[in-house]
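Report on one structure; see the data block that follows.
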Amino acid sequence: MSINWPGLLAWSTKYHDGTAPSQFKQLSAEDRKYLEGAMEQAFSMIEDNNKIFEEAMKMITAPDRSEVSIFTALEVIDRACDDPDVARNAKKLNGVQPLLDLLASHPGAVSSRACEIIALLCSNNPTIQEAYCNCEALDLLMRFTRESPAGSEERSKAFRALSSLIRGLEAQEVAFVAKGGVDLLVELLAPTEAVQAREKAASLTRSLVQDDRMGADDVVRLAATFPALLNIPEEVGIQYRELLASCVCQVAKVASMRCPPELAAAVRGRIARIRESPSDDTAQELATLHECATALASCGTMPPAA
């Protein structure tokens, strides 16, 4: 039995009339609820998620495709990928090149959603990571990230896909650095960048530094970005704060005597602010910052925190 695509697309008559593709936007909460209900019914009639994925990919490459049909197909693919067998079979099911092609052919909401799917497929999936890399996804996603507006959702999601693409693949991580990846990380670690992008950039930076994928000069360049970030607004989530502290600590350990004095001052300042209002939510961050302070003290950059 095939998916009832006309039924899935029925919501489009009220959501998007097709007259202004450039104004196509992400689904509203109401539209998503409607579509998820339609998908629930469609999925209940088909047991093979691989079949669902394959049909959705055909919708994406269909000659008569529209932004609405593509976006709906991407929603279906996302749902189908809840089955880990689908992600493993993505290459066999033509789930590589068509998604990359959307980045050039459909900028905006569609390309951003495609990046989310690419990130989902590549996450902890070396076979699919390699398949995407063989289609020159590294160059494409680096360019797409660079060219997307600073602070935009498009940029954040493009980098999420890029990070998932290379994570854990030594050759690709080294290639990322060689192709200007450190410059890109410096851009994404700017305080004006979206929190989601900064969080992903900090996570990848920590991993690359820990696994010795870059030279000492690169690590020092990245260390210079962190003083501004450590002045963290209290409303920023605990996951971001703990990740940033962990990343700074890793950089501090590796950069040794070349850590800038501004980093030492920023670490002291952040420790002081946490002590002013201690809580269970800041315990892990504080412990990591103390470890960072110890690393900086050992290389003579700052005195140990009391």
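The values are calculated or read from the model by the stated rules, or taken from the named source; none is laboratory data. Everything numeric in this text was worked out from a predicted model, so none of it was measured. Note that we place each Cβ from the backbone using ideal geometry, even for glycine, and neighbour counts take in every protein chain shown.
Out of Ala197, Ala150, Ala175, Ala158, I need the residue that is of a type in the set (A, V, I, L, M), outside any helix (DSSP H, G or I) and under 28 Å from Asp101 (Cβ atoms). Which one? Give the derivation first.
Details: Ala197 fails: outside any helix (DSSP H, G or I); Ala175 fails: outside any helix (DSSP H, G or I); Ala158 fails: outside any helix (DSSP H, G or I).
On inspection, the qualifying residue turns out to be Ala150.
When you look at Ala201, is it of a type in the set (A, V, I, L, M, F, W, C), under 23 Å from Leu120 (Cα atoms) and over 18 Å from the mean Cα position of the chain (by Cα), yes or no? Show your work before the answer.
On the way: of a type in the set (A, V, I, L, M, F, W, C): yes; under 23 Å from Leu120 (Cα atoms): yes; over 18 Å from the mean Cα position of the chain (by Cα): no.
Considered against the rule, which asks whether it is of a type in the set (A, V, I, L, M, F, W, C), under 23 Å from Leu120 (Cα atoms) and over 18 Å from the mean Cα position of the chain (by Cα), Ala201 comes out as no.
Mind listing whichever residues of the range 233-254 are among the small types (Gly, Ala, Ser) and either surrounded by 14 or more Cβ atoms within 10 Å (Cβ to Cβ) or assigned to a helix (DSSP H, G or I) (or both)? First the steps, then the outcome.
First, the residues of the range 233-254 that are among the small types (Gly, Ala, Ser): 237, 245-246, 252.
The answer is Ala245, Ser246, Ala252.
In this structure, does Glu153 turn out to be surrounded by 16 or more Cβ atoms within 10 Å (Cβ to Cβ), among the acidic types (Asp, Glu) and in contact with a Ser or Thr (Cβ under 8 Å, 6 or more places away or on another chain)?
Numbers: surrounded by 16 or more Cβ atoms within 10 Å (Cβ to Cβ): yes; among the acidic types (Asp, Glu): yes; in contact with a Ser or Thr (Cβ under 8 Å, 6 or more places away or on another chain): yes.
Criteria met by Glu153.
Give me the residue from the range 43-96 that is more than 23 Å from Cys135 (Cβ to Cβ) and free of Cβ contacts under 8 Å to residues at least 12 places away in the same chain and, out of that set, surrounded by the most Cβ atoms within 10 Å (Cβ to Cβ).
So the residue we want is Lys51.
Can you go through Glu116, Glu170, Glu153, Glu187 and tell me which one is acidic (Asp, Glu) and at pLDDT below 95?
Working: Glu116 fails: at pLDDT below 95; Glu170 fails: at pLDDT below 95; Glu187 fails: at pLDDT below 95.
Result: Glu153 is the single residue among Glu116, Glu170, Glu153, Glu187 that is acidic (Asp, Glu) and at pLDDT below 95.
Given (1) in contact (Cβ under 8 Å) with a residue 12 or more places away in the chain; (2) over 25 Å from Gly180 (Cβ atoms); (3) part of a loop (DSSP other than H, G, I, E, B), where does Met257 come up short, assuming only one miss?
Every condition holds for Met257 apart from (3).
Does any residue of the range 205-219 turn out to be part of a helix (DSSP H, G or I), polar (S, T, N, Q), farther than 23 Å from Cys122 by Cα and within 19 Å of the chain's Cα centre (by Cα)? Talk me through it step by step, then tell me what you get.
To start, the set of residues in the range 205-219 that are part of a helix (DSSP H, G or I) comprises 205-210, 216-219.
Now restrict to residues that are polar (S, T, N, Q): 205, 207, 210.
Filter once more, keeping what is farther than 23 Å from Cys122 by Cα: none.
Checked against the condition, which is being part of a helix (DSSP H, G or I), polar (S, T, N, Q), farther than 23 Å from Cys122 by Cα and within 19 Å of the chain's Cα centre (by Cα), the range 205-219 yields no hits at all.
For the structure I just gave you, tell me whether Pro191 is without any contact (Cβ under 8 Å) to a residue 24 or more places away in the chain, closer than 30 Å to Arg273 by Cβ and of a type outside the set (Ser, Thr, Tyr).
Details: without any contact (Cβ under 8 Å) to a residue 24 or more places away in the chain: no; closer than 30 Å to Arg273 by Cβ: yes; of a type outside the set (Ser, Thr, Tyr): yes.
Taking the combined requirement at face value, the residue does not satisfy it.
Which of (1) modelled with pLDDT of 90 or more; (2) over 25 Å from the mean Cα position of the chain (by Cα); (3) part of a loop (DSSP other than H, G, I, E, B) is the odd one out, the single condition Ile46 does not satisfy?
The one condition Ile46 does not meet is (1).
Taking the range 75-126 only, how many residues are farther than 19 Å from Lys157 by Cα and basic (Lys, Arg)?
Here the count works out to 3.
Going through the range 85-137 one residue at a time, which ones are basic (Lys, Arg) and under 22 Å from Phe176 (Cβ atoms)? Steps first, please.
Residues of the range 85-137 basic (Lys, Arg): 88, 91-92, 113.
Result: Lys91, single match.
Only one of (1) surrounded by fewer than 18 Cβ atoms within 10 Å (Cβ to Cβ); (2) over 24 Å from Ser105 (Cα atoms) is not met by Gly181, so which one is it?
(1)
Given the conditions (1) within 20 Å of Leu243 (Cα to Cα); (2) touching a Lys or Arg at 6+ places or on another chain (Cβ under 9 Å); (3) crowded, with 16+ Cβ neighbours inside 10 Å, and given that Pro191 satisfies all but one, which numbered condition is not satisfied?
The one condition Pro191 does not meet is (3).
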